[in-house]
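Visitor: Can you keep this structure in mind? I'll have questions shortly.
What follows draws every value from the coordinates through simple rules; no lab data is involved. Every value quoted in this text rests on a predicted model; they were computed, and no experiment measured them. Heads up, the Cβs are rebuilt from the backbone with ideal geometry, glycines too, and the neighbour counts pull from every protein chain shown.
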Amino acid sequence: MIYTTTDFDGQQTTDYTLLIGLGGEIQQLAVVDRDRQLKFAASYDSANAAPEATEILAHAFAAVRIAVADCRYTFIPADVYDEQRHETYRHYLPFDGVGEMRVDHIDPLDVKLLYQTNYVGLEDLIARFPHAKYYPHVRSLISAVAAQGVDSSQPLMVVERHACHITVVLFDKNTFLYGHDFECTTEDDFTYHLLSVLHQFGLTDRQPVILLAGDVEQGDGYHDRASAYGGKTILADSGTYTGVGLPADAMSHKHRFLSLFGLYQCES
């Protein structure tokens with residue numbers, strides 16, 4: 001999927017922000033102007049990059065933010081996090097001796113995210129954008145939702161799918177309960193993981209609202225499976241959650257870029 005506005009000028013990108021989502025087989029790009037209006041968006045097979053996307057990566061930008069799916073991570077409530085136990089926490093990733101463990105604080109949820117990013121295969125991007133900021137994909141997804149607030153009488157499950165990779169995060173009122181990644185090659189795999197999380201937290205009777213993002217469509221198999229087990233299933237409005245303005249002719253793609261646009265909510 002490639003989207004571009006009629007007034008997008010590649011010569012003006014030095015004033016724009018480039019957002020990149022790296023998720024295994026799928027790569028995403030978005031260019032957003034200084035008023036946080038979407039100018040260009042793309043979602044494509046990373047092994048067969050679209051020429052339009054390759055051209056975008058050749059430009060210079062005011063800022064570059066990158067969400068990386070291939071991260072090891074764990075969450076710790078901020079009120080029990082102890083900096084003196086840094087080496088102990090390292091074992092929960094697990095740490096493989098490559099790179100360093102980072103700790104970010106997710107303000108709206110008062111949660112610490114400990115993570116290690118796998119930079120293998122990103123060498124060209126690192127060289128091309130040496131000042132880019134990198135975040136775990138799960139952080140940008142959580143931050144996108146938490147920034148707007150999730151205070152609701154029903155639990156909220158957010159599911160983002162990209163090819164055979166899904167990320168599931170779960171909130172109950174304004175409390176973050178769970179976040180994890182799964183390999184998901186079929187709709188049956190999706191159902192298994194969905195029910196597993198619902199049973200783990202005793203939510204089969206409460207029927208949470210399920211917010212779907214990424215490679216899903218209204219009425220497809222993944223949407224139907226979610227609808228069967230959730231109280232209400234909604235395609236995510238990425239623009240509303242993150243403050244990125246989408247032109248009217250891009251609204252049909254509004255659910256595809258929740259975690260990508262969520263990079264705006266991440267702070268180092």
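Visitor: With a 10 Å Cβ neighbour count serving as the proxy for reagent exposure, in which order, fewest first, do 57, 212, 203 appear?
Guide: Least crowded to most crowded, the residues run 57, 203, 212.
Visitor: Please turn the phi angles of the stretch 83-89 into ³J(HN,Hα) values with the Karplus equation 6.51 cos²θ - 1.76 cosθ + 1.60 (θ = phi - 60°), one per residue in order, whole Hz, x for glycine and proline.
Guide: The phi angles translate into 4, 5, 9, 3, 5, 5, 4 Hz.
Visitor: Which helices count as membrane-span-like in the chain under these terms: full DSSP H, at least 15 Å along the axis by C-alpha, Kyte-Doolittle mean of -1.0 or more?
Guide: Flagged H segments are 137-148, 187-200.
Visitor: May I ask you to list the lysines whose Cα is less than 25 Å away from that of residue 173, ignoring any residue fewer than eight positions away on the same chain?
Guide: Correct list for residue 173: 112, 232, 254.
Visitor: Still on this structure, please answer the following. If you filter the stretch 184-268 for GluC sites (Glu not before Pro), then keep DSSP loop positions with at most 15 other Cβ within 10 Å, what is left?
Guide: Those that pass, being in a loop and sparsely packed, are 217, 267.
Visitor: Need one word for the stretch 71-129: rounded, prolate or oblate. Basis is the Cα gyration tensor (sqrt eigenvalues a ≥ b ≥ c); a/c below 1.5 gives rounded, then a/b vs b/c decides.
Guide: It comes out oblate by the Cα gyration axes.
Visitor: Let me ask another. State, as an integer percentage, the relative contact order of the chain based on alpha-carbon contacts under 8 Å between residues 6 or more apart.
Guide: Dividing the mean separation by the residue count of the chain yields 18 percent.
Visitor: Using a 10 Å cut-off around each Cβ, can you sort 29, 19 from fewest to most neighbouring Cβ atoms?
Guide: Sorted ascending by nearby Cβ count, the order is 29, 19.
Visitor: Based on other C-beta atoms within 10 Å, arrange 184, 266 from fewest to most.
Guide: 266, 184
Visitor: Given the chain, what percent of its DSSP beta bridges are antiparallel, to the nearest 5?
Guide: 70
Visitor: Taking a ≥ b ≥ c as the square roots of the Cα gyration tensor eigenvalues, with a/c under 1.5 meaning rounded and otherwise prolate when a/b beats b/c, else oblate, which class fits the stretch 34-113?
Guide: Here the stretch 34-113 falls in the prolate category.
Visitor: So how far apart, in nm, are the two label points at residue 78 and residue 102 if each is 7 Å from Cα heading toward Cβ?
Guide: If labels sit at residue 78 and residue 102, their model points lie 1.8 nm apart.
Visitor: Would you calculate, for the chain, the mean residue ellipticity at 222 nm contributed by helices, counting each DSSP H stretch of 4 or more residues as -39,500 (n - 2.57) and dividing by all residues, to the nearest 500?
Guide: Estimated from H runs of four or more residues: -6000 deg cm²/dmol.
Visitor: Moving on to the next point. With just the Cα atoms defining each centre, how far is the stretch 134-202 from the stretch 237-268? Give it in Å.
Guide: 17
Visitor: Under a Cβ-Cβ cut-off of 12 Å, what is the net charge of the residues other than residue 193 that fall near it, where Lys and Arg count +1 and Asp and Glu count -1?
Guide: -3
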